[in-house]
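All remarks here apply to the structure that follows.
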Amino acid sequence: MVTLGPVSQSLIPSPVITFPASPHRLSPTLPSTPTLSDSSELVDEAEPEQSSNEDTSSGDDEVLIPVAMTETEDLIERGADGWFMLEKNEERSKERGKIHLAGTVTSKAQLENKSRQSYDALLARLIHHQLTSTNNNNEQSEWSRPWDGHLSGPGAASLAQYAIMLDLSDAALHLAWWKVCSRIPTADAVWVLSRLQEVQAAISKNLYQDEELLELRSSFCSFIRDHTERLKNLHKTFPPSSGIIARRQLTFTLKALQCMQNHAGTRALLDLEGLPPLHEMVTSSLATHAKNW
């Protein structure tokens with residue numbers, strides 16, 4: 001639980017979140033970890049202020065500030081989007097008006113192991129569960145419904161929260177998704193191409209360290225070898241009976257290989273592996289298929 005006062009405070013235990021209010025508009029200074037934004041003006045139905053000649057001091061300025069209180073658990077589960085009653089910290093109860101708030105609350109934990117690899121492992125487990133539960137992880141159903149990268153609501157929420165806890169950058173997330181999805185033969189080739197282009201954009205901006213470039217280099221080589229092998233069994237991998245679905249998957253698989261060849265960053269990494277030009281590898285695989293067919 002946290003308490004939000006009229007000035008910035010540290011995260012401290014409290015049974016409720018308290019929002020201070022002025023007579024006209026809510027403008028609290030929020031701490032950096034919980035995030036909640038005011039979305040509309042305050043409607044204040046309080047009585048007129050007393051004359052400045054009258055002594056209204058009570059020794060505690062907070063008594064004079066109307067506040068809205070709500071349980072932190074409610075915000076975490078449903079977020080805030082509605083009208084909240086205003087109160088004052090005094091014994092006698094009096095209606096002070098309402099305030100409309102909209103926002104969400106997130107939290108970050110201090111983790112000992114803050115490596116991106118732990119995110120990779122969670123992502124792989126969630127994808128495996130998704131493919132298993134939807135019966136889309138075998139060759140027979142491969143082109144009846146290619147997996148488009150969608151995760152179930154609870155799985156996606158857990159993954160997003162873990163990324164926040166690890167404080168991962170967008171480039172790190174792109175790398176994780178590419179590494180995992182590039183190994184899934186039932187993934188939609190259109191979606192896989194988009195993941196490839198994301199990491200290529202990050203490479204062009206020099207957002208990866210040497211260790212991460214080594215990971216990318218290894219994943220690119222694995223992707224190329226896997227898909228050039230699949231091309232050697234073209235009619236089984238992309239069966240004509242699947243019609244436009246198979247043609248679409250084959251087209252975007254070839255586009256992904258071409259994208260690797262044409263992008264300077266990925267081509268430089270592949271040259272370090274001594275791989276020949278990718279169009280030569282594709283042509284060789286198709287020639288093998290024609291010979292064996």
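Please go through the stretch 239-263 and pick out each residue that is within 28 Å of the chain's Cα centre (by Cα) and without any contact (Cβ under 8 Å) to a residue 12 or more places away in the chain.
Within the stretch 239-263, none qualify.
Going by the structure shown, is residue 219 under 22 Å from residue 255 (Cα atoms), touching a Lys or Arg at 6+ places or on another chain (Cβ under 8 Å), assigned to a helix (DSSP H, G or I) and assigned by TED's automatic domain parsing to the domain that holds residue 253?
Details: under 22 Å from residue 255 (Cα atoms): yes; touching a Lys or Arg at 6+ places or on another chain (Cβ under 8 Å): yes; assigned to a helix (DSSP H, G or I): yes; assigned by TED's automatic domain parsing to the domain that holds residue 253: yes.
Criteria met by residue 219.
Only one of (1) surrounded by 13 or more Cβ atoms within 10 Å (Cβ to Cβ); (2) touching a Phe, Trp or Tyr at 6+ places or on another chain (Cβ under 7 Å) is not met by residue 148, so which one is it?
(1)
Taking residue 144 as meeting all but one of (1) modelled with pLDDT under 85; (2) closer than 23 Å to residue 169 by Cα, write down the number of the exception.
(2)
Being closer than 19 Å to residue 150 by Cβ and crowded, with 17+ Cβ neighbours inside 10 Å is the filter here; which residues of the stretch 164-184 pass it?
Initially, the stretch 164-184 is screened for residues closer than 19 Å to residue 150 by Cβ, giving 173-174, 176-184.
Across the stretch 164-184, the qualifying residues are 173, 174, 176, 177, 178, 179, 180, 181, 182, 184.
Kindly indicate whether residue 203 is in contact (Cβ under 8 Å) with a residue 60 or more places away in the chain and either among the basic types (Lys, Arg) or more than 18 Å from residue 175 (Cβ to Cβ) (or both).
Numbers: in contact (Cβ under 8 Å) with a residue 60 or more places away in the chain: yes; either among the basic types (Lys, Arg) or more than 18 Å from residue 175 (Cβ to Cβ) (or both): no.
Answer is no for this residue.
Any residue at all in the stretch 85-102 that is part of a loop (DSSP other than H, G, I, E, B), of a type in the set (Asp, Glu), surrounded by fewer than 17 Cβ atoms within 10 Å (Cβ to Cβ) and modelled with pLDDT of 60 or more? Step through it out loud before you land on a result.
Taking the stretch 85-102 and keeping what is part of a loop (DSSP other than H, G, I, E, B), we get 86, 88-97.
Checking which are of a type in the set (Asp, Glu) leaves us with 90-91, 95.
Filter once more, so that each one left must be surrounded by fewer than 17 Cβ atoms within 10 Å (Cβ to Cβ): 90-91, 95.
Narrowing the set further to residues that are modelled with pLDDT of 60 or more leaves 90, 95.
Yes, that holds for at least one residue.
List pairs: first in the stretch 272-293 and farther than 14 Å from residue 229 by Cβ, second at pLDDT 95 or above and part of a helix (DSSP H, G or I), Cβ under 6 Å, 6+ apart or cross-chain?
273/221
Using beta carbons and a limit of 7 Å, which pairs, at least six apart or on different chains, have the first residue in the stretch 149-164 and in the same structural domain as residue 183 (by TED's automatic domain parsing) and the second one assigned to a helix (DSSP H, G or I) and among the aliphatic types (A, V, I, L, M)?
Pairs found: 151/126; 151/159; 155/126; 159/122; 159/123; 159/126; 162/122; 163/173.
The values are calculated or read from the model by the stated rules, or taken from the named source; none is laboratory data. Remember, it's a predicted structure, so these values are computed and weren't measured experimentally. Using ideal geometry, Cβ is built from the backbone for each residue, glycine included, and neighbour counts are taken over all protein chains shown.
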